[in-house]
Amino acid sequence: MPGQASTSAAASIMKHVIEVIPLTPNASTSNGPSTSSASASTSTPASTVQPIPLGKGTNGRVSGKFWKENRGATKRSHLSPAIKSKSFEQRKALQTKEMAIRKYIKDLKDDKEAKDAARKKSIADRKKAQAEKERLEKMKAKMGARRLDRLRRRQGRSKKINQ
């Protein structure tokens with residue numbers, strides 16, 4: 001039977017591996033196979049070997065490499081004095097107070113900016129009105145001079161006579 005032959009081959013390989021690598025801590029530490037360790041390892045089934053339990057609280061954070069330290073939970077290196085000394089309610093009250101102060105300051109700044117903008121707008125409007133008034137006066141003077149010239153021409157007088 002082919003399945004039985006492969007099973008026996010796997011069993012012989014497993015015996016050889018067990019002889020080379022002892023599974024129990026009581027087995028001898030020699031590298032080569034010996035009669036005492038071979039008889040002890042073959043008599044102990046592999047199911048009796050207990051797995052190494054995880055450390056308490058490691059939550060599976062074990063690398064499995066003996067030269068590496070076990071990892072723990074992340075710790076904050078620095079806590080601000082506000083977090084250390086005050087409760088959540090105190091911090092929340094302080095935060096709401098600061099927000100109210102910021103809002104009040106912002107309202108004051110907005111009011112000041114609105115007043116400045118209104119003052120600048122009134123100054124600009126005044127200047128614009130004054131410029132318009134001057135323009136109209138110039139236009140009126142110009143139109144008055146043209147009208148006088150027209151009247152003089154109608155009377156038959158020229159510029160040479162009037163001078």
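General remarks:
- Using a probe of 1.4 Å, the accessible surface attributed to K133 totals some 130 Å² when neighbouring protein chains are kept in position.
- Extension gain, R147 back to F88 (0.36 nm per residue minus Cα-Cα distance, nm): 12.6 nm
The values are calculated or read from the model by the stated rules, or taken from the named source; none is laboratory data. Owing to the predicted nature of the structure, the values given are computational and were not obtained by experimental measurement. The protein model used for the area step is the full one, side chains on, heavy atoms only, and it has no ligands, DNA or RNA in it. Shrake-Rupley method; radii C 1.70, N 1.55, O 1.52, S 1.80 Å.
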